[in-house]
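One structure below.
The values are calculated or read from the model by the stated rules, or taken from the named source; none is laboratory data. Since the structure is predicted, the reported quantities are computational estimates derived from the model, not experimental observations. Methodologically, a virtual Cβ is constructed for each residue, glycine included, from the backbone with ideal geometry; neighbour enumeration extends over all protein chains shown. These area figures cover heavy atoms from the full protein model, side chains too; ligands, DNA and RNA do not enter into them. Shrake-Rupley method; radii C 1.70, N 1.55, O 1.52, S 1.80 Å.
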Number of protein chains: 2
Amino acid sequence: MENIYAQRIAALRQMMLRNGWDAVVVGGSDPHASEYPAPRWKQVEWLTGFTGEAGDVVVTRDHAGLWTDSRYFIQALTQLEGTGVELHKTRVPDAVMIPEWLTGRARVVAVDGLCQSLVTVRNIQKNIECGDSDDECRIVDVPDLLERLWTDRPAIPSTPVTTLDVECFGGIPRTDKISWLRKWMMLEEMDGVLLTTLDEIAWLLNVRGNDIEYNPLVISYLLVTQDYVKWFVKKSVFGATDPDTIDSYSELKADGVEIEDYDAIYFALSDVEQGASWKIYVDHTTLNYHLAHHVMESCPDTRLIYGTSPVILEKAVKTESEIGFLRQTYIDDGIAVERFLYWLEQQLAERGEVSEWEASERLTSFRKEIPGYRGNSFENISAYGPDAALPHYSTPREGSAMIRPQGLYLVDSGGQYLTGTTDITRTVPMGECTPLEKEDYTLVLKGMIALSMAVFPRGTAGCQLDVLARNALWRTKRNFGHGTGHGIGYWLCVHEGPQDIRQNFNSQPLLPGMVTSNEPGLYREGRHGIRHENIVLCREAGKNDFGDWLEFETLTCCHIDTSAVVADMLSTDEKAWLNAYNEQVYRKLSPSLPADIAVWLRAKTMPV
Amino acid sequence: MENIYAQRIAALRQMMLRNGWDAVVVGGSDPHASEYPAPRWKQVEWLTGFTGEAGDVVVTRDHAGLWTDSRYFIQALTQLEGTGVELHKTRVPDAVMIPEWLTGRARVVAVDGLCQSLVTVRNIQKNIECGDSDDECRIVDVPDLLERLWTDRPAIPSTPVTTLDVECFGGIPRTDKISWLRKWMMLEEMDGVLLTTLDEIAWLLNVRGNDIEYNPLVISYLLVTQDYVKWFVKKSVFGATDPDTIDSYSELKADGVEIEDYDAIYFALSDVEQGASWKIYVDHTTLNYHLAHHVMESCPDTRLIYGTSPVILEKAVKTESEIGFLRQTYIDDGIAVERFLYWLEQQLAERGEVSEWEASERLTSFRKEIPGYRGNSFENISAYGPDAALPHYSTPREGSAMIRPQGLYLVDSGGQYLTGTTDITRTVPMGECTPLEKEDYTLVLKGMIALSMAVFPRGTAGCQLDVLARNALWRTKRNFGHGTGHGIGYWLCVHEGPQDIRQNFNSQPLLPGMVTSNEPGLYREGRHGIRHENIVLCREAGKNDFGDWLEFETLTCCHIDTSAVVADMLSTDEKAWLNAYNEQVYRKLSPSLPADIAVWLRAKTMPV
């Protein structure tokens, strides 16, 4: 029997023929430009079997292709076998991206405009324009295009909504946030702000849900004007009965938030009562094409003004109360990780091996014991030996590798808590390590320490500090292919902007209150992978004649194993940092640890 | 009697009244966007008495203002006293720049379009547009506007032209450079390239002159097409007699370079033989407004295409032969500086004091003894104690401070040689130093060493390395307000692009063959100033699994005084670098030094 994906693509081609489409472009995101889409929007996977986190598909009458980057080349080749889908490599020299590839190959291109950004579709449109009349070369926007074939497609998720108790768990009341946004609108002379990305909406309304795995979000749109706040969301998020009996619904209503149906956003945007040239500000980098197109075609009185959403920066700068809770949350999270590391060491001593999967499950079970735990913040990476060298390793449930008492084990994980989101990577020597493992381990650690110790003038952007995390590696001609740091939400997404620490020029300065990861690494295919990741808070460090200074406070509280450290490779400062860090971990965690683990941690945190 | 500058401004106002101009803008550069203009174009100085290197003047009927940055605030206030000219600060928060300042204050603005870039004038134009007819608000372009008042204004300089002997002194034959540019034109589908900046022309034609102090340039324009190379230059550069008898003239003619009069560029650009829509590529960031305006108004068949000149990058990447000569040139230059430092130490021991000016003159006299010396590459900065804290200190001929046998003396200088351009700063402890002087000295040195030791993957830009030179200072909350590194020409300008090493985002990667300065510093007003400057060559450092690696080779060859180094503040690596550097300086220089200086240098270069 023919490959299921080849059959699906064949069915799509039938649809294309009937409709006169030359090509269909299927994107990997959802209507809200989410990093991880809910199962309903895993359209690339349904069509091709490819499960990587980044990938777009083009099907023409005689070609089917998947565009993805080097993280997924090997995985794509395996998963696409027998589907007839060919791999197109992105982020390689001379890569031909989808819009350029379509030039001359298609005149009528169908897209699911819900799952493509305005920017992407405009780029395709520009590339297929053939100089003839508009009718000949055009984009056809077909919302939920694949649903005609994907008969058992999951519905839009609508998990229960929780409202945040900011007094108990940090943050700013939603009414204050709405007032702030309205002031911003006045200054910018906007009549409304439309938010379409889910973490921005969750932040502004102080609501959380479970619509997306690992991300406590609610599928919705939000429209704020001076007169009203309308939240467009599946009503079932408030339960099956009368929503007025639900606390979160009543609380939102009391704060002036009107609850409208998810699809009512289309009507709201053509609100004629607003009068001519109603100006709505929206972030065009994440707005979906379908909604943008709807406004342009059907709402003559509505003018969309494109720019960066002001919510992104406001959300990234944590408040004093959030920072207070974060400090404790990272201590609690550290206790879970220490208990796990102790358990793992004991198990290896007793049994001689533990599977990566079992270890991962056990780590999660320790996190579950923390009050306020609401799930993991991403899929645990539990990777031993050569598995850790795969940049996006996914630990298989069945047949995962056995961790043994030698070499390096890498565990990258994080929790979602009422009081914050955590993310930590520890690379742990499980016993004897090779000289190369120790050298790599120490060089990566030097990078993490250098960035931890950084002091910098206000105005400095992450890309201006990134080299500090790489310099020790670079000097020995080693490097890692990912960014050094990403922003982290507060019981929100584990990846958030606008700041980051990487080579790419991002002019956003690091500001006091921003929480960012510090995670250099090193990966040797077939041998080992190393990453040391702490989460750091940017904070003020005083002013003097030379400037206004900022520094990092490390939030992550979990010891760094020194058994693989080549002490001679550390400078006096680096040694002092490492010893002080481990000592502080011991002091903060030991009072809450069982006696045997505290004793074990005391030994692990002795100075080098 | 009234201040001479006030008189000149009054005369300018009379001219403005007669002509109906509301404002006159006088810029600080020449028709070729030169960093340092020849005396003829020191119009700001003639009009206001201000001698700083960066400054623009606006005169309206009731106001006269000088716009300059913080380097010159104190100097400007002193020099403008009695002139009636007010200081407008630039590069400060909320600075109002000239175009914005003119908004609403002037409707008819006169400029000397020769000395203003197209970009600047367009910006002024945009700001004075009042929505009425074009006639009401307009730019009036008056070439040599001030000449009507400045009756003894110097002529356009026309010093003798020298052609380079590339076989003897490095570089590429001009015919090869012209072929390269013509290939570039073919690829870019351009009919011609117009070069207006003087170092680009000097580089392409392998010619040098002395039209601008410290810069071996010839005032000229260059137009290259597939059919001809026309050099627009004062014929007197070839001497008063028949140019055909002059070697350089004959050599250029033999290579197909046609010599035209400087002003003939205007006729050439309206060359009707080229046919309609003749496309000429020109760098709009340096093209003067007058020439651009001439083409737009009077050359209907000529289309100027604006972009970055390809010559800039090609010139910055030195050839193997140039690099070979540079290494020797920096050794020769180092000998001159070592002889000077020895002399200074001896003089202080004998006399107890030496004036900054005498020291500066003596340094120049040592350089003059080097074969191939063609002048200094900029005005020596010879600054003792607090004088060194002034970022743009100019050593006065009369009454300069006395250098005494204690504290720090900073000397920043460079030479122009047939075989390259040098630039070096040494900060020298003249005797006892305070603990703060030593600490600052060591921290700045740590920065210079960190950048010297950098290894980085191909594609890295200077702004991604800059923090290495600052990190040691930043960690103690100290900083310097200038860039860390600038490109350097080959017997050309001491400042050249496109690469640099500074905080500003400049995406130009550092490429093998580029020569850049490495000069962190620290300045404490009223106390001391420190700068350590070596010149580094970017070179290949091998490829491996992790990338294609580059590193720096230090060209500068002159010892770094270790008597002010706090050895405990240096890491093992830093100490090793410093000792190896000084040892290498001794080994390279001592064979060419008199015995007494070699003995002295041996002592100076002993390991810390």
Note: among A:Asp500, A:Asp545, A:Asp466, just one is without any contact (Cβ under 8 Å) to a residue 40 or more places away in the chain and touching a Gly at 6+ places or on another chain (Cβ under 7 Å), namely A:Asp500
Does at least one position in the range A:99-120 carry a residue that is surrounded by fewer than 16 Cβ atoms within 10 Å (Cβ to Cβ), in contact (Cβ under 8 Å) with a residue 40 or more places away in the chain and closer than 30 Å to A:Ile219 by Cβ?
-> yes
Among the listed residues B:Arg138, B:Arg107, which satisfies the condition of being in contact with a strand residue (DSSP E or B) (Cβ under 7 Å, 6 or more places away or on another chain) and farther than 25 Å from B:Arg40 by Cβ?
-> B:Arg138
Among the residues of the range B:485-500, how many are out of contact with any Leu (no Cβ under 6 Å at 6 or more places or on another chain), within 12 Å of B:Cys463 (Cα to Cα) and open to solvent by less than 20 Å² (accessible area, probe 1.4 Å)?
-> 1
Would you tally the residues in the range B:353-388 being over 24 Å from B:Gly489 (Cα atoms) and surrounded by 19 or more Cβ atoms within 10 Å (Cβ to Cβ)?
-> 9
May I ask you to list the residues in the range A:190-236 that are closer than 22 Å to A:Phe169 by Cβ and of a type outside the set (A, V, I, L, M, F, W, C)?
-> A:Asp199, A:Glu200, A:Asn206, A:Arg208, A:Gly209, A:Asn210, A:Asp211, A:Tyr214, A:Asn215, A:Pro216, A:Ser220
Spot the failing condition for B:Gly385; the list is (1) within 14 Å of another protein chain (Cβ to nearest Cβ); (2) touching a residue at least 40 places away in the same chain (Cβ under 8 Å), and only one is missed.
-> (1)
Within the range A:427-449, is there a residue that is open to solvent by 30 Å² or more (accessible area, probe 1.4 Å), within 14 Å of chain B (Cβ to nearest Cβ) and assigned to a loop (DSSP other than H, G, I, E, B)?
-> no
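Given the options B:Glu314, B:Glu361, name the one that is in a helix (DSSP H, G or I), at pLDDT 95 or above and under 28 Å from B:Asp176 (Cβ atoms). Walk me through it before giving the result.
Values: B:Glu361 fails: under 28 Å from B:Asp176 (Cβ atoms).
Among B:Glu314, B:Glu361, only B:Glu314 is in a helix (DSSP H, G or I), at pLDDT 95 or above and under 28 Å from B:Asp176 (Cβ atoms).
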Of the residues in the range B:241-299, those that are open to solvent by 30 Å² or more (accessible area, probe 1.4 Å), of a type in the set (A, V, I, L, M, F, W, C), under 24 Å from B:Thr163 (Cα atoms) and in a helix (DSSP H, G or I) come to B:Ala254
Pairs returned, first residue in the range B:246-264 that is over 11 Å from B:Arg174 (Cα atoms), second residue that is surrounded by fewer than 16 Cβ atoms within 10 Å (Cβ to Cβ), beta-carbon separation under 6 angstrom, 6 or more apart or interchain, are B:Ile246/B:Gly239; B:Glu258/B:Tyr228
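Please indicate, with yes or no, whether at least one residue in the range B:573-581 is touching a His at 6+ places or on another chain (Cβ under 9 Å) and either over 29 Å from B:Val218 (Cα atoms) or within 14 Å of chain A (Cβ to nearest Cβ) (or both). Working first, answer last.
Going through the range B:573-581, the residues touching a His at 6+ places or on another chain (Cβ under 9 Å) turn out to be B:581.
Adding the requirement that they be either over 29 Å from B:Val218 (Cα atoms) or within 14 Å of chain A (Cβ to nearest Cβ) (or both) leaves B:581.
Yes, the range B:573-581 contains at least one residue that is touching a His at 6+ places or on another chain (Cβ under 9 Å) and either over 29 Å from B:Val218 (Cα atoms) or within 14 Å of chain A (Cβ to nearest Cβ) (or both).
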Would you check which residues across the range A:564-589 are surrounded by fewer than 20 Cβ atoms within 10 Å (Cβ to Cβ), of a type in the set (Gly, Ala, Ser) and within 32 Å of the chain's Cα centre (by Cα) and list them?
-> A:Ala580
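Yes or no: the range B:555-563 includes at least one residue that is within 14 Å of chain A (Cβ to nearest Cβ), among the β-branched types (Val, Ile, Thr), outside any strand (DSSP E or B) and in contact with a Phe, Trp or Tyr (Cβ under 9 Å, 6 or more places away or on another chain). Reasoning before the result, please.
First, pick out the residues of the range B:555-563 that are within 14 Å of chain A (Cβ to nearest Cβ): none.
Looking for residues that are within 14 Å of chain A (Cβ to nearest Cβ), among the β-branched types (Val, Ile, Thr), outside any strand (DSSP E or B) and in contact with a Phe, Trp or Tyr (Cβ under 9 Å, 6 or more places away or on another chain), one finds none in the range B:555-563, hence no.
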Condition test on A:Asn506, is it over 17 Å from A:Thr308 (Cβ atoms) and polar (S, T, N, Q)?
-> no
How many residues are within 28 Å of A:Ala472 (Cα to Cα), in a loop (DSSP other than H, G, I, E, B) and touching a Leu at 6+ places or on another chain (Cβ under 7 Å) when one looks only at the range A:571-608?
-> 1
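So, in the range A:61-93, exactly how many residues are out of contact with any helix residue (DSSP H, G or I) (no Cβ under 8 Å at 6 or more places or on another chain) and at pLDDT 90 or above? Working first, answer last.
Initially, the range A:61-93 is screened for residues out of contact with any helix residue (DSSP H, G or I) (no Cβ under 8 Å at 6 or more places or on another chain), giving A:62-63, A:69-78, A:81, A:86, A:90, A:93.
With the extra rule that they be at pLDDT 90 or above, the set shrinks to A:62-63, A:76-78, A:81, A:86, A:90.
Adding up the residues that qualify gives 8.
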